[in-house]
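Asks: Sharing a structure, written as structure tokens. Questions coming.
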Amino acid sequence: DQQVKQNSPSLSVQEGRISILNCDYTNSMFDYFLWYKKYPAEGPTFLISISSIKDKNEDGRFTVFLNKSAKHLSLHIVPSQPGDSAVYFCAALGGADGLTFGKGTHLIIQP
Amino acid sequence: DTAVSQTPKYLVTQMGNDKSIKCEQNLGHDTMYWYKQDSKKFLKIMFSYNNKELIINETVPNRFSPKSPDKAHLNLHINSLELGDSAVYFCASSPWGLSGANVLTFGAGSRLTVL
């Protein structure tokens, strides 16, 4: 039972363009959402988060949008840079199990 | 200085063996976790300890036994290893009261391969 879904296993974007990573969730109890970034052979690192009382949070090139009615959030990266190539995990907080993670989306930034 | 360090990074072993993965954090966090990332890439929580006390124990076979000698350490011992235990195991820590502000800090992962 996937409570957090990232339906795109991979995404390829040209350098300088906008990268949009999507995430859907099913549990209405989730009240905080986070994005983690993971390079090969490293652990995930926190990138940006958003509370369910907001619909947008921006931090430099990274913006997370939350649509509660659609149970959907997205991470926008603009402009995309080569160093952004990584796996991005969407995670949600509010259940009994701490953070619930999606399967991740592998973002590839092409020169 | 590595904030969350886990050893070994790679572990290859035979079915039926017993193995341990160690984790230490120097962040002063009260809560530590073990996550498993299987072949389908899901990151799933296995255990959570707060100040040496077990607070989350997911449906994990009892062949897996976490041990927290102090709040800076959470080790994972696995008995009678099976092929399906092959995965990457991530240790993590957070301040107590996990919230959006108190995020998880992960270790680099330990890749376990059972032959």
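The values are calculated or read from the model by the stated rules, or taken from the named source; none is laboratory data. As the structure is a prediction and not an experimental result, all values here were calculated from the model. Positions of Cβ are generated from backbone atoms using ideal geometry, with glycine treated the same way; all protein chains shown enter the neighbour counts. Keep in mind that these areas ignore ligands, DNA and RNA; they rest on the heavy atoms of the full protein, side chains included. Shrake-Rupley method; radii C 1.70, N 1.55, O 1.52, S 1.80 Å.
Asks: What percent of all Cα-Cα pairs in region B:1-79 falls in each 10 Å bin, counting up from 0?
Replies: Computed distribution, short to long bins: 17, 50, 29, 3.
Asks: Could you count how many Lys pairs in chain A have their Cα atoms under 23 Å apart, skipping same-chain pairs fewer than 8 positions apart?
Replies: 21
Asks: Using a 1.4 angstrom probe with every protein chain in place, what is the largest-first accessible-area order of A:59, B:30, B:85?
Replies: A:59, B:30, B:85
Asks: Let me check something: with ligands and nucleic acids excluded, how do B:76, A:47 order by accessible area (1.4 Å probe), largest to smallest?
Replies: A:47, B:76
Asks: Report the FRET efficiency, 1/(1 + (r/R0)^6), for residue A:59 and residue B:59, where r is their Cβ-Cβ distance and R0 is 30 Å, rounded to 0.05.
Replies: E(calc), rounded to 0.05, equals 0.25.
Asks: Using Cα positions and a limit of under 20 Å, work out the lysines in reach of residue B:22, with same-chain residues fewer than 8 apart set aside.
Replies: Those lysines meeting the cut-off are B:9, B:36, B:44, B:52, B:67, B:71.
Asks: Another question, if that's okay. Taking the Cα centre as origin and putting +1 on Lys and Arg beta-carbons and -1 on Asp and Glu beta-carbons, what dipole magnitude results for the protein assembly as shown, to the nearest 20 debye?
Replies: With Lys and Arg at +1 and Asp and Glu at -1, about 300 debye.
Asks: Residue A:20 accessible area, nearest 10 Å², 1.4 Å probe?
Replies: Here the residue's solvent-accessible area equals roughly 70 Å².
Asks: While we're here: Taking θ as phi - 60°, what are the ³J(HN,Hα) couplings along region A:67-79 by the Karplus curve (6.51, -1.76, 1.60), each to the nearest whole Hz, with x for Gly and Pro?
Replies: 10, 5, 5, 8, 6, 9, 9, 9, 10, 10, 10, 8, x
Asks: Roughly how many nanometres apart are two label points built 7 Å out from the Cα toward the Cβ at residue A:46 and residue A:29?
Replies: Label-label distance for residue A:46 and residue A:29, simple model: 2.2 nm.
Asks: Tell me, what is the percent relative contact order of region B:38-115, built from C-alpha pairs under 8 Å that lie six or more residues apart?
Replies: Relative contact order, region B:38-115: 23 percent.
Asks: Still on this model: In debye to the nearest 20, how big a dipole does region A:1-72 give about its Cα centre with +1 on each Lys and Arg Cβ and -1 on each Asp and Glu Cβ?
Replies: Dipole size: approximately 100 debye.
Asks: Sticking with this structure for a sec: Roughly how many Å² of residue B:96 are accessible to a 1.4 Å probe, to the nearest 10?
Replies: Result for residue B:96: roughly 140 Å² accessible.
Asks: Might you work out the accessible area of residue B:111 for me, using a 1.4 Å probe with all protein chains in place, and round it to the nearest 10 Å²?
Replies: 120 Å²
Asks: Same structure again: How big a patch of accessible area, both sides summed and in Å² to the nearest 100, lies buried between B and A at a 1.4 Å probe?
Replies: Result for this pair: about 1600 Å² buried.
Asks: Could you rank B:59, A:105 by how accessible they are, 1.4 Å probe, largest area first?
Replies: Ranked from most to least accessible, the order is B:59, A:105.
Asks: Can I ask one more? Of B:23, B:13, B:62, which is farthest towards the positive pole of chain B's charge dipole, taken about the Cα centre with +1 and -1 on the beta-carbons of Lys, Arg and Asp, Glu respectively?
Replies: My answer, from the dipole projection, is B:13.
Asks: Between residue A:7 and residue B:39, how high is the FRET efficiency from 1/(1 + (r/R0)^6) when r is the Cβ-Cβ distance and R₀ = 25 Å? Nearest 0.05.
Replies: Computed FRET efficiency for residue A:7 and residue B:39 comes out at 0.85.
Asks: Same structure again: Sort region A:42-111 into rounded, prolate or oblate with this rule: let a ≥ b ≥ c be the square roots of the eigenvalues of the Cα gyration tensor; rounded if a/c is under 1.5, and if a/c is not under 1.5, prolate when a/b is larger than b/c, oblate otherwise.
Replies: Oblate.
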